[in-house]
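S.K.: Please find one structure pasted underneath; my questions will follow.
Derivation of every value follows stated rules applied to the coordinates shown; laboratory data play no part. From a predicted model like this one, the values you see are computed outputs, not experimental measurements. Note that each Cβ is placed from the backbone with ideal geometry, even for glycine, and that neighbours are counted across all protein chains shown.
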Amino acid sequence: MTEFTNDKPLVFTVKDRCRVCYTCVRDCPVKAIKIIDGQAEVIFDRCIACGNCVKVCSQGAKTFFKSNNEVLELLKSGEKVIACVAPSFPAEFIEIKDYKYFVGMLREMGFDKVVEVSFGADIVAKKYTKLLDESKDRTIISSDCPGIVNYIQHYHPDLVECLAPIASPMLAMTRIVKEKYGDDCKAVLIGPCIAKKAESDEFDQVLTFVELRELFEELHILPETCKPSEFDPPHSGKGAMFPVSRGLIHNMGKMDKILDGDIIVTHGHVNFREAIDELESGSVDVGYMELLCCRGCIMGPGMTKNGKRFKRRSLINDYVNKKLENLDKKTWEADLKTYCQLDFSETFAAKDRRNPSPDEDQINTVLETIGKSTPSDYLNCGACGYATCREHAVAILEGLAEPEMCLPYTIEKLHQSIDQLNVSNSKLANAKQALKQSEKLAHMGQLSAGIAHELNNPLGVITMYSNLLKEETNPDSDTYKDLEMVVEQAERCKKIVGGLLNFARKNQVKKRECNIVDFAKHSLNSVIAPENIKISFSTEIKDPKAYFDPDQMMQVLTNLEKNAVEAMPLGGELKLSLQEDENSIIIIVSDTGTGISKTNMDKIFTPFFTTKELGKGTGLGLPLIYGIVKMHNGKIIVASNDDSKKGPTGTSFTINIPRNN
C-alpha cells in the first residue's frame, strides 16, 4: 500500500492548469485549499481525500495519485493477485452490456481471481443490523465512507465514538479474500473512491475506475477480444445495492426506520456537514445516520466525469435485479454464515486538526479591509468559495485565503484602478500637450529674442534722431507733428520688443516679499467692468507671504482679468481665487464667458496670435504672461469650454508659482 505524505500527497494541484475560479474552495467540505499567489493548492494535513475538488475542477488542475504502475508491477510479480471490484462498476462501464466480459477483461490483465466487494457489503449489513438492534441509547454514524470517517476524526473528534466500529465493505472483502485464498495473496481494490487509497494498510493497492480504464487502454484490452467469465466466489446478494443512496439501509431491512425518524440518510458535501453539525449541537436525536461524501458511490471522484446520476442508478438497479434472479440463495446463505465468523471490527481515533478560532476583533478588522464595515455589506455571495463573508475573513486570518478572492471587493478595486488610470492618462495627456507647447514656445522664445535684439539697435537710432529733429523743428509745423508720430510709433515698437523679451524670459525678475492676498485684491481695483459682470474674490491662504516680482506679476493678473471681462460681452462672473500648498501659491482667474475653442487652445501662448479685431490686440498679452510665469519658475494651466452642450462655458487660468526664492 502506498504511504502518502506532504511530499507525496494523495490529492494535489497541477499548478499550470489552475485558473483561479475558486470552485475547488467552494466544494471542499473542510476548506483544505490554500490560495497562494492566485494558485489553489491542496493542504495535505487538512485534506480528507473526499475528492470533491477533483470532481468539480473543469481544468483538471486537481488530481490524485495514480497507482497504475504499482498494480502492473504487482501483476508481473508472479504472486497471486485478486481483483476486488466495487459494486458500482455497472454504472461506470456502461458500454459493456454483459458484466461477464468485464470480468474477462480483468482476467486478461493478469488477475488470478476477480471477486465482488458487494459480498463484503452483505456481511457488513448484517453487522450493522446487529449493532443497531443492540445500541439503543446512542447515535451510530456509518463508517463505510472513508471521507466521512476522516472528516469526523479530524474536525469533529468528539463524535468519533459515534462511528460504527465495523469495517467498510471493501475492507471486509479484503479480510474474506485473505481467509478464502490465503494470507499470501495480494488484494487490489477497484472502485469509485479516492479516499480508499489511504483507508487501510490491509489493502495492497487501490485503483479507481478511471485508472482501470487507462490500464485497459494501455494494454489494448477490449471486451470483444476477451473470454466472458463469471465472478469468483463468494457471490453477493443485495449488497450490490450498496453504491446508491440508502443502499446499506435497504440491505439491512431498515427502510421503515426512515419513516419513523430514527434514521437519517444524506449525502453530498453540504448535507453531510449539516447533519453532523446538528447532531453535535443536539438539534437532532436519532439512532443511526448513513452519510456519504458523494451523492452515492456511483458519483464518486474515481468515476468518469459528467456521468448521469439517475442513469447510473438505473443501471445498478437492473444489475441487482438480474443478479438476485440468478442467485443461488443456499450457497449465498452458507457463505454468509461461514464468513460472518471473521473479525470485522474496526477502531477509530480522534485526530484533531482544527485551527484555533481567531478573536472577533481580528475578524472585524479583516472584514473592514475587504469593504465589509457593517452587516449590510455582508453579501455572502459565495464567489470567493466560502459560504459567508465571515468565513472568508477567518480563512484570511488562517492564511488559507486572500482578500482579492472577494469578488465585490475586487470589482471595486478594479473600478478604482480604472478611475486612477483614467486620471493618470488625463494627466499624461496634459503633460504631453504642455511639453509640446513648452517646446514650441521655447523655439518661439529663441526666435523672439533674436528678433528683439536685432530690432533694438535700429529702434534706438530712429528714436534718438527723431527726438533730435523734433528739437530743431518748429512745434507748429506739420513736420513736427509727423516727427511726433514717428517717436510715438517707435516707442510702441520698443514696448513690443520689450514684450518679446519678456516672453523669451530675457528680462530680469526682481523678487521681494509681498502679501499675495493684498496684492491680488489690489489687482482687481484696476479692472473696469460693466454692471452686468460680477467680480468675486476668495482665498484659502493662511500664510500670505510670498516672494515674486510685483510689477511683472501685476501685468499677469491685470492682463488675465482684462481678457476675462472682454470674454463676457453678455455679462457673467469674474472670479479670482487664491490657494496654497506646502511650497507654492496657486492663483486661479476664471470667467463664465464664451470660452476658447479647441482649435485655438494650442495657439494662445504664441506671440502675435489674437482672436480680437484688427487694431485691438497685439497678440502679446498671453505670451507675456507665459514668459513672466516661467521666469518665476512657475507653470500656467488653461481649462476652457466653448460648447454649452458639454456644460457651462468659460475659461480658467491656474498659475502655480513657488512661495519662496
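S.K.: Among DSSP beta bridges whose residues both lie in segment 3-144, state the antiparallel percentage, nearest 5.
M.R.: In segment 3-144, DSSP labels about 65 percent of beta bridges as antiparallel.
S.K.: Taking N as the number of residues in the chain, what is its Cα Rg relative to 2.2 N^0.38 Å?
M.R.: With N residues counted in the chain, Rg over 2.2 N^0.38 Å equals 1.75.
S.K.: Still on this model: Using a 10 Å cut-off on Cβ atoms, rank the peptides 476-486, 362-372, 25-35 from the highest mean neighbour count down.
M.R.: 25-35, 362-372, 476-486
S.K.: If you add up the charges near ASP158, with Lys and Arg at +1 and Asp and Glu at -1, over every other residue whose beta carbon is less than 10 angstrom from its beta carbon, what do you get?
M.R.: Net of charged neighbours comes to -3.
S.K.: Okay, moving on. Quick one: of LYS126/LYS308; LYS100/LYS311; LYS196/LYS329; LYS542/LYS598, which pairs are farther than 25 Å apart, Cα to Cα? Present the calculation step by step, with values, prior to reporting the outcome.
M.R.: Details: LYS126/LYS308 31 Å; LYS100/LYS311 21 Å; LYS196/LYS329 30 Å; LYS542/LYS598 36 Å.
From the list (LYS126/LYS308; LYS100/LYS311; LYS196/LYS329; LYS542/LYS598), the Cα-Cα distance tops 25 Å for LYS126/LYS308; LYS196/LYS329; LYS542/LYS598.
S.K.: Rank by packing, highest mean first: peptides 411-419, 281-289, with packing defined as the count of other Cβ atoms within 10 Å averaged across residues.
M.R.: Going by the mean number of other Cβ atoms within 10 Å, highest first, we get 281-289, 411-419.
S.K.: Tell me, what is the percent relative contact order of segment 54-165, built from C-alpha pairs under 8 Å that lie six or more residues apart?
M.R.: Worked out over segment 54-165, it gives 20 percent.
S.K.: Please state the relative contact order of the chain as a whole percent: Cα pairs under 8 Å, 6+ residues apart? Please list the in-between numbers first.
M.R.: On the way: 1061 pairs, mean separation 75.5, N = 661.
Computed over the chain, the figure is 11 percent.
S.K.: A follow-up question, please. Quickly estimate the mean residue ellipticity at 222 nm for the chain, helices only: each DSSP H run with n ≥ 4 gives -39500 (n - 2.57), and the total goes over all residues, rounded to 500.
M.R.: Numbers: 22 runs with 287 residues, N = 661.
That calculation yields -14000 deg cm²/dmol at 222 nm.
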